[in-house]
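Trainee: Quick one: this structure, given as C-alpha cells, is what I'll be asking you about.
The values are calculated or read from the model by the stated rules, or taken from the named source; none is laboratory data. This structure is a prediction, so every number in the text was calculated from the model and none was measured. Here the Cβ is made from the backbone with ideal geometry for all residues, glycine too, and neighbour counts use every protein chain on show. These area figures cover heavy atoms from the full protein model, side chains too; ligands, DNA and RNA do not enter into them. Shrake-Rupley method; radii C 1.70, N 1.55, O 1.52, S 1.80 Å.
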Amino acid sequence: VSAGVSPLTIGASGKLNDKHYRVTGHVVVEIAEVGLDFERHEYQLTNDDGITDLLVCGLKPGEKNWTLFTPLAPLLPPSAKECAAKKIGEMVNVDGVDGPVREIFLSTFHQAEGTAATEGQTGSPWFGYLAQAEYSSLFVRWNSRTISFQRGKNVAASDVIAAFAGKQIVV
C-alpha cells in the first residue's frame, strides 16, 4: 500500500497539543510486518525549545488518526537484543510507559527530505515494535548503531491538518 502524496510540507508551522512546531523533516517509511507491507509518512517536528518529536500519519494503512511521539530517555533502557526478543502480546514497560506489544516490524526509510535526509536515514533498515495501552503507546526502533524509545499519543487528522496545512514559512 503506497503512502500517496505527502499531506504536510517542510517548513510548515503550527500549534499542535499546545506546542508550536515547525515541520523540519519528512520521510516515507516502508513498514513490513508478517502478512502486511505498506508505506506511511513520518515527520520530524521541532518545537520552540529545539526538541524534535515524531508525527506519524496513520500507524496502519487507511487509518485516519495520526500519532505524535515524544522522545523517552529511560535511565535503564533495554538493549536492542532485549527488544528483539519481544513477542506479540508480551507486556513491556519502558520508563513508565507500558502495554502489550501489538506490532513487530521492519521499517525502511525512503524519500527523506529536510533533517531526515541529513541524518542519513534513507535506505537503512530499522527493527521495531509498538506497544499500546488504552491511552498511550510505546514506539521502539533500533538498528545496528542505535535505539530510540518514544511515547505516543493519538491526534485527530483534522487537528494536524488545521495546524499545518498551507502554513509554510520561508527559512
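Trainee: Could you list all residues from the stretch 41-67 that are part of a strand (DSSP E or B), open to solvent by 10 Å² or more (accessible area, probe 1.4 Å) and out of contact with any helix residue (DSSP H, G or I) (no Cβ under 7 Å at 6 or more places or on another chain)?
Mentor: Thr46, Asn47, Thr52, Leu54, Cys57
Trainee: Scan Phe127, Phe105, Phe109 and give me the residue that is at pLDDT 95 or above, surrounded by 18 or more Cβ atoms within 10 Å (Cβ to Cβ) and within 18 Å of Asn143 (Cβ to Cβ).
Mentor: Criteria check complete, one pass: Phe105.
Trainee: Being modelled with pLDDT under 90 and either open to solvent by less than 70 Å² (accessible area, probe 1.4 Å) or in contact with a Phe, Trp or Tyr (Cβ under 8 Å, 6 or more places away or on another chain) (or both) is true for just one of Gly120, Gly152, Gly166, Gly89. Which residue is that?
Mentor: Gly120
Trainee: Moving on. Which ones in the stretch 1-38 are part of a strand (DSSP E or B) and of a type in the set (Asp, Glu)?
Mentor: Matches in the stretch 1-38: Glu30, Glu33, Asp37.
Trainee: Which condition breaks for Ser2 when tested against (1) open to solvent by less than 30 Å² (accessible area, probe 1.4 Å); (2) polar (S, T, N, Q); (3) in contact with an Asp or Glu (Cβ under 8 Å, 6 or more places away or on another chain)?
Mentor: (1)
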